[in-house]
Amino acid sequence: MTHHTLNQYLIESKTDINYKSIDYLVMGNEAADLDSMASAIAYAYLMAARQSDKTIVPVMPILRADFKLRTEAVYVFSQAGINLNNLVFLDDMNVEEVVKRVTGLVLVDHNKLSGSWDQYGDKVVVILDHHRDENLYPHAGKKVIETVGSTTTLVGEELIRLHPNLIDEPLALLLCGTILLDTVNLDPAAGRVTPKDEEIAGILMKSCPLGQDTYFNKVQEAKFNTAELGTFDLLRKDYKEFKFAETPCGIASVLLSLIQWGEKDAELCLGFESYAQRRHLDLFFSMNAYTNPGFNRDLAVYCKEIQLHDKIIKFLQEKGLELTPVSLGDQKTCLEGKISFYRQGNLGISRKKLSPLLDDYFTS
Ligand SMILES: [Mn+2]
């Protein structure tokens, strides 16, 4: 089968996954960042173009509803004209049933299967990756593991070498957007870029309708633009959960000021409350980091129990967070717990530093 466009290929592969025997399932890592997803799509497309008699399907190892949280991927995929309906997400397949029909697993952007995929190591046949080599799957016939800035650089390299006439605007936009993001616009000062990233991006950029700096700035902007997301999505986008002594605590990291957030949503406490309920949290923080134009931090503290809330605030002040209350205007009050909003004067306290402080509080 020959495919005229990337979308046509994707439509077909999505149909195939439901009943055919699958020669190659191509998959990025579990975090499903832009590099993982773009590499899986582009590499599967390249393989399919070279082996037209084979059934080759790229898989996005996340739920469809979680895709929109990766705002940089939303932007780059739309630039590349990828129709999201044509992609296979975890909830589009019954993994166990599908894997039975899979002959070979192709790993991109990782070289060690994780989670429930771990049991399928025998099926790994190809690895294309830029992480440290875990030296697994010696039976894999092809291993390209190089410490370049982005896996899409390795995909681009094969594309240029093996099938250059496949490179069109959409594919170039997909790969370049990812290389530029992963290497911070090929900036040596950021310490991510290698000569190979630079070389491959340079060749692919010739097929991009946008200039390098323009495109990089747009992708970067999309990454930090969470304005489209509602409170529930903002809270879960970058979320970590802890247990301090016996106290379950969640800390969300949000790239938006509390003032802006409050303007979008007049029921913030209800959002925090229902999230905390769902996750059975006694304590729930949002650490807001943003530039305006200098770097700033805000902190929202929600507690199921009002007493604990007040004690925690007192403790954080003693630890030098320099919290000053922020007024958010007309906010609906909590149903049962208590929430409060602050500007955090001490910019050095990130989630990495806050969690051990809280651990001290609860264990002592
Ligand atoms: Mn990567």
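Answer rounded, prolate or oblate for the stretch 249-291, using the Cα gyration tensor with square roots of eigenvalues a ≥ b ≥ c: rounded when a/c is under 1.5, else prolate when a/b is larger than b/c, else oblate. Judged from the Cα gyration tensor, the stretch 249-291 comes out oblate (a/c at least 1.5, b/c at or above a/b). The translational diffusion coefficient of the stretch 61-219, from Stokes-Einstein at 37 °C and 0.692 mPa s with a Kirkwood hydrodynamic radius over alpha carbon pairs, comes to 193 µm²/s.
Could you pull out the longest piece of the chain with no exposed loop trypsin sites (Lys or Arg not before Pro) in it, calling a site exposed if DSSP puts it outside H, G, I, E, B and it has at most 10 other Cβ atoms within 10 Å? Spell out each step's value before the answer.
Values: sites that count: Arg132, Lys206.
With trypsin sites (Lys or Arg not before Pro) excluded where exposed in loops, the chain gives 207-364 as its longest stretch.
When all protein chains stay in place and ligands, DNA and RNA are ignored, the 1.4 Å accessible-area order of Leu235, Leu357, largest first, is Leu357, Leu235.
When all protein chains stay in place and ligands, DNA and RNA are ignored, the 1.4 Å accessible-area order of Ile203, Ile41, largest first, is Ile203, Ile41.
The amide H of Lys143, built 1.01 Å from its N in the peptide plane, has Ile127 as neighbours under 5 Å, considering only residues 5 or more places off or on other chains.
Assign unit charges at the C-beta atoms only (+1 for Lys and Arg, -1 for Asp and Glu), then state the dipole size of the chain relative to its Cα centre in Debye, rounded to the nearest 20. Write down the numbers at each step before the final one.
Working: 38 positive and 50 negative charges, 54 e Å.
Dipole about the Cα centre, nearest 20: 260 debye.
I'd like the FRET efficiency for Leu335 and Phe224, computed as 1/(1 + (r/R0)^6) with the beta carbon distance as r and R0 of 56 Å, rounded to 0.05. After rounding, the FRET efficiency stands at 0.95.
Ser355 contributes about 20 Å² of solvent-accessible surface, heavy atoms of the protein only, 1.4 Å probe.
The value of relative contact order for the chain, using C-alpha pairs under 8 Å at least six residues apart, is 12 percent.
Per residue, the stretch 231-363 exposes 50 Å² of accessible surface when a 1.4 Å probe is rolled over the protein heavy atoms with every protein chain present.
Longest stretch of the chain clear of exposed loop sites (GluC sites (Glu not before Pro), DSSP loop, at most 16 other Cβ atoms within 10 Å, sites excluded): 31-133.
Kirkwood radius, the chain, all distinct C-alpha pairs, inverse of mean reciprocal distance: 22.4 Å. In the context of the full protein assembly, Val59 retains an accessible surface of approximately 0 Å², using a probe radius of 1.4 Å and ignoring ligands and nucleic acids. With a simple spin-label model that places each label point 7 Å from the Cα along the Cα-to-Cβ direction, the separation between Ala245 and Ser274 comes to 3.2 nm. Ordering Pro61, Gln220, Ser253 by the projection of their Cα atoms onto the charge dipole of the chain, which places +1 on the Cβ of Lys and Arg and -1 on the Cβ of Asp and Glu, puts Ser253 at the extreme positive end. Rolling a 1.4 angstrom probe over the protein heavy atoms with all chains in place gives the stretch 6-224 an accessible area of 41 Å² per residue.
When the Cα positions of Thr15, Thr153, Gly191 are compared along the charge dipole of the chain, Gly191 comes out farthest toward the positive end, with charges on each C-beta of Lys, Arg, Asp and Glu.
Once the piece of chain linking Glu322 and Asp53 is laid out straight, how much longer is it, given 0.36 nm per residue of separation minus the C-alpha distance between them?
Details: separation 269, 0.36 × 269 = 96.84 nm, distance 6.45 nm.
Gain on extension, Glu322 to Asp53, equals 90.4 nm.
Using Cβ point charges alone (K and R +1, D and E -1), the dipole size of the stretch 77-191 about the Cα centre works out to roughly 320 debye.
Comparing Thr231, Thr178, Thr15 in a Gaussian network model of the chain, where Cα atoms under 10 Å apart are tied by springs, the biggest mean-square fluctuation is seen for Thr15. Distance from the C-alpha centroid of the stretch 326-363 to that of the stretch 224-263: 11 Å, rounded to the whole angstrom. Only the Cβ atoms of Lys and Arg (+1) and of Asp and Glu (-1) were treated as charged; on that basis the dipole of the stretch 231-363 about its Cα centre amounts to roughly 320 debye.
Expressed as a fraction of 2.2 N^0.38 Å, the C-alpha radius of gyration for the stretch 21-107 is 1.05. Mean-square fluctuations from a GNM of the chain, with a 10 angstrom spring cutoff on Cα atoms, peak among Asn135, Asn86, Asn296 at Asn135. The phi torsions of the stretch 159-169, fed into the Karplus equation with coefficients 6.51, -1.76 and 1.60 and a -60° offset, translate into couplings of 4, 5, 6, 9, 8, x, 6, 7, 6, 10, 4 Hz, rounded to whole numbers, with Gly and Pro shown as x. Rounded to the nearest 0.05, the FRET efficiency derived from the C-beta distance between Ala31 and His163 at R0 = 30 Å is 0.60.
Cα-Cα pairs above 16 Å in the stretch 68-149: how many percent? In whole percent, the share of Cα-Cα pairs in the stretch 68-149 beyond 16 Å is 63. Quick one: pull the percent of accessible area on the chain belonging to carbon and sulfur, 1.4 Å probe, ligands and nucleic acids left out. The C+S portion of the solvent-accessible surface of the chain is 49 percent. Structural descriptor for the stretch 1-108: relative contact order 40 percent, calculated from alpha carbon pairs under 8 angstrom and at least 6 residues apart. Judged by the ratio a/c of the largest to the smallest principal axis of the C-alpha gyration tensor, the stretch 231-363 counts as rounded, that ratio being less than 1.5. Each label was represented as a point 7 Å from its Cα along the Cα-to-Cβ direction; for Tyr19 and Ser364 these points are 6.6 nm apart.
The values are calculated or read from the model by the stated rules, or taken from the named source; none is laboratory data. In this text, all values refer to a predicted model and were calculated from it rather than measured experimentally. A quick note on method: Cβ atoms are made from the backbone with ideal geometry, for glycine too, and the neighbour counts reach across all protein chains shown. Heads up: the accessible areas ignore ligands, DNA and RNA and are worked out on the full protein's heavy atoms, side chains in. Shrake-Rupley method; radii C 1.70, N 1.55, O 1.52, S 1.80 Å.
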